[in-house]
Amino acid sequence: MRWTLPNILTVLRLLAAPGVAVMFLYFTRPYADWFALLLFLGAAITDWFDGYLARAWKQETKLGAMLDPIADKVMVVIALMVIVGYSSMSPWLVLPATVILFREVFVSGLREFLGDTAGTLKVTKLAKWKTTAQMVAIAVLFSQGVFEHYFGMTTYGMDAETVSAILDGREPDLHGLWWKLEGMIWAGRFGLVLLWIAAALTLVTGWDYFRKSVPYLRDEP
């Protein structure tokens, strides 16, 4: 095994995945949301950077080829578990997250079963777009948590009438309630739209992988 810089970045991304969940164990919100968001963004950037460096420096290795998709899946799975766990369990969030988790486990099982012939399930361009949509959606949903808790902290101790008056413009918005509420709403909506797009791409790429594996799943006559 060769420990190149691209491989080290991939390993760091793999180790960062459980760190996203750990943030919520050791820090209160919204600080946990901030740290998880920054950690996830850093990992997502290295996902592009390690592949680029490996190709540019001609340092593509079997270790990197094995670890890279695992790191991607671990990051997405753990981040989605955290987001769903700290959400209101809305079906609009749970359903696409379930589709994504199902596909990742299913394709991983296919690759494990196929063994040496798993090369037939090479990562496609559409699968890369799927991963990008997942990463962006998760980052936006983490930011929604940041807006939500800053809005809650700002309105703490205010009665409903005061909050309503500020948001309606009848009282001066000295603490930025309006933009915190709008950030929370639009980050939530945009994140959900992206997550549904990612779920749709997940289904398409999952079906494509299954179709390619069918010839290897038939029993010999």
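Some values worked out for this structure:
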{"item": "Residues of region 45-64 that turn out to be open to solvent by 90 Å² or more (accessible area, probe 1.4 Å) and farther than 12 Å from ARG13 by Cα, as a count", "result": "6"}
{"item": "Sole exception among (1) free of Cβ contacts under 8 Å to residues at least 12 places away in the same chain; (2) in contact with a Ser or Thr (Cβ under 8 Å, 6 or more places away or on another chain); (3) of a type in the set (A, V, I, L, M) for MET66, by number", "result": "(2)"}
{"item": "Index of the failed condition, SER164 passing every other in (1) more than 18 Å from MET135 (Cβ to Cβ); (2) in contact (Cβ under 8 Å) with a residue 40 or more places away in the chain; (3) out of contact with any Ser or Thr (no Cβ under 8 Å at 6 or more places or on another chain)", "result": "(2)"}
{"item": "Cβ pairs under 6 Å, 6+ apart, first in region 178-194 and touching a residue at least 60 places away in the same chain (Cβ under 8 Å), second surrounded by 14 or more Cβ atoms within 10 Å (Cβ to Cβ) and among the small types (Gly, Ala, Ser)", "result": "LEU194/ALA133; LEU194/ALA137"}
{"item": "Hey, VAL204 more than 14 Å from VAL140 (Cα to Cα), of a type in the set (Val, Ile, Thr), part of a helix (DSSP H, G or I) and open to solvent by 50 Å² or more (accessible area, probe 1.4 Å) or not", "result": "yes"}
{"item": "Odd one out for LEU141, checked against (1) open to solvent by 30 Å² or more (accessible area, probe 1.4 Å); (2) modelled with pLDDT of 80 or more", "result": "(1)"}
{"item": "Residue that is hydrophobic (A, V, I, L, M, F, W, C) and closer than 30 Å to GLU148 by Cα, where the choices are TRP196, TRP207", "result": "TRP196"}
{"item": "Residues being within 17 Å of LEU15 (Cβ to Cβ), aliphatic (A, V, I, L, M) and open to solvent by 40 Å² or more (accessible area, probe 1.4 Å) - total across region 65-76", "result": "3"}
{"item": "Residue match in region 131-152 (condition: more than 25 Å from PRO30 (Cα to Cα), in contact (Cβ under 8 Å) with a residue 60 or more places away in the chain, out of contact with any Cys (no Cβ under 7 Å at 6 or more places or on another chain) and of a type outside the set (Val, Ile, Thr))", "result": "no"}
{"item": "Flag for MET158 being under 30 Å from MET89 (Cα atoms), part of a loop (DSSP other than H, G, I, E, B) and not assigned by the TED database to the domain that holds PRO30", "result": "yes"}
{"item": "Residues located in region 163-200, provided they are farther than 23 Å from PRO30 by Cα and buried (at least 20 other Cβ atoms within 10 Å of the Cβ)", "result": "ALA198, ALA199"}
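The values are calculated or read from the model by the stated rules, or taken from the named source; none is laboratory data. From a predicted model like this one, the values you see are computed outputs, not experimental measurements. For neighbour counting, all protein chains shown are included, and Cβ atoms are generated from backbone atoms with ideal geometry for every residue, glycine included. Heavy atoms of the whole protein, side chains included, go into the accessibility calculation; ligands, DNA and RNA do not. Shrake-Rupley method; radii C 1.70, N 1.55, O 1.52, S 1.80 Å.
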